[in-house]
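Asks: Dropping a structure here in structure tokens format, bear with me for questions.
The values are calculated or read from the model by the stated rules, or taken from the named source; none is laboratory data. The shown structure was predicted, so the numbers you read here are calculated from the model rather than taken from an experiment. Every residue, glycine among them, receives a Cβ derived from its backbone with ideal geometry; neighbour counts consider all protein chains shown.
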Amino acid sequence: MTSNPRLTPTRAAIAATGLRKSYGDKVVLDGIDLSVPQGTVFSLLGPNGAGKTTAVQILSTLITADGGRLSVAGHDLATAPHAVRAAIGVTGQFSAVDNMITGEENMLLMADLHHLRRREGRRITAELLERFDLADAARKPASTYSGGMRRRLDIAMTLVGAPSVIFLDEPTTGLDPRSRRTMWEIIRDLVADGVTVFLTTQYLEEADQLADRIAVLNQGKLVAQGTPDELKRLVPGGHVRLRFDEGSTFEAAARAFGVGPGDADALTLSIPNDGSVRGLRAVLDVLDAASVEVDELSVHTPDLDDVFFAVTGRPDNEKVQAR
């Protein structure tokens, strides 16, 4: 991973202590603490109205906080907002692409806004259009682009100013699965170049695939924070599923583990287990001691959906939309 020279390795790319924001009597963010290391993906999840977009708007200087100590890219938001803006890029929920002009013209417009020299702006535009597989469509109106192409152009425009921190607010909403996975690869490439990504998403699988750390926001408070694996371990219910070829070995295994009859028709047992190496070794030791041969072993651990339901208290039968 390439270190970004605009940040020192020991400094958090994004840091918030006691972040607060209210609208009238409605408390949207209630004392939020965050620390995002440089060159990582941090994902903020939460139900609709939890305050995710508000957090992005504050950290990207679009609105001000009511309280808290905040820094982005090594700059204090309260005293150096212009320095923060010079160091960040923001891709919101809705595309900033101007559909009336070409993709290339959109890029050159961003270069002008960043006060780049004409030759430099054209060089960066050509490089980014090529990088995002948009060179062939560069001189076509953006209105003719697919949703995935517009999203790629949106992020390419964000990169014109070479930001060290990028805020992506639900960047793949509405994209088809192939376009979504293309976007994942783009995000991974950005991080490999040392960029820090602050991601909000409505797709829990996306956070699981991309994020180094995840925080779950609910009713204005952070209710869980950690790596994806750490969060999954918060939720009970992990187990090892054992399947046997014969009824006699199935019954012998049930006796060895001291469990109930399991699924006698399918000849399967579910043994509570956290799925760790130590946990799996313990299961295998019991089978070995009882001289029982297992036909199939599979590990089932809680996923982020389970974590989301557990920490936000939403009903199990409600579809997860972590907006």
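Asks: Would you mind stating whether residue 224 is under 21 Å from residue 12 (Cα atoms) and surrounded by fewer than 17 Cβ atoms within 10 Å (Cβ to Cβ)?
Replies: Here the answer is no, as residue 224 does not meet what is asked.
Asks: Please specify each residue of the stretch 140-165 satisfying the condition of being among the basic types (Lys, Arg) and either surrounded by fewer than 14 Cβ atoms within 10 Å (Cβ to Cβ) or free of Cβ contacts under 8 Å to residues at least 40 places away in the same chain (or both).
Replies: Within the stretch 140-165, 140, 152 meet the criteria.
Asks: Related question: Testing residue 1 on (1) at pLDDT 95 or above; (2) not assigned by TED's automatic domain parsing to the domain that holds residue 215, one condition comes back false. Which one is that?
Replies: Of the numbered conditions (1) at pLDDT 95 or above; (2) not assigned by TED's automatic domain parsing to the domain that holds residue 215, the odd one out for residue 1 is (1).
Asks: Within the stretch 259-291, take every residue that is loosely packed, with under 12 Cβ neighbours inside 10 Å and either of a type in the set (A, V, I, L, M) or at pLDDT below 90 (or both) and give me the one that is farthest from residue 230 (Cα to Cα).
Replies: 265
Asks: Report yes if some residue within the stretch 126-139 is out of contact with any Asp or Glu (no Cβ under 9 Å at 6 or more places or on another chain), outside the structural domain of residue 28 (by TED's automatic domain parsing), basic (Lys, Arg) and surrounded by fewer than 15 Cβ atoms within 10 Å (Cβ to Cβ); otherwise report no.
Replies: The answer is no; no qualifying residue exists.
Asks: Oh, and also: Look at residue 271 and say whether it is in contact (Cβ under 8 Å) with a residue 24 or more places away in the chain and not assigned by TED's automatic domain parsing to the domain that holds residue 50.
Replies: yes
Asks: Show me the strands (runs of 3 or more DSSP E) entirely contained within the stretch 1-117 in which 1 or more residues are over 30 Å from residue 175 (Cβ atoms).
Replies: In the stretch 1-117, 14-23, 26-36, 67-72 are the strands (runs of 3 or more DSSP E) which contain 1 or more residues that are over 30 Å from residue 175 (Cβ atoms).
Asks: Does the stretch 63-107 hold any residues that are among the hydrophobic types (A, V, I, L, M, F, W, C), buried (at least 17 other Cβ atoms within 10 Å of the Cβ) and closer than 25 Å to residue 123 by Cβ, and which are they?
Replies: 73, 87, 88, 90, 97, 107
Asks: For the condition closer than 20 Å to residue 161 by Cβ, basic (Lys, Arg) and over 20 Å from the mean Cα position of the chain (by Cα), what is the one hit in 85, 20?
Replies: Going through 85, 20 in turn, the sole match is 85.
Asks: Is it fair to say residue 233 is surrounded by 14 or more Cβ atoms within 10 Å (Cβ to Cβ), in contact (Cβ under 8 Å) with a residue 40 or more places away in the chain and under 30 Å from residue 190 (Cα atoms)?
Replies: Criteria met by residue 233.
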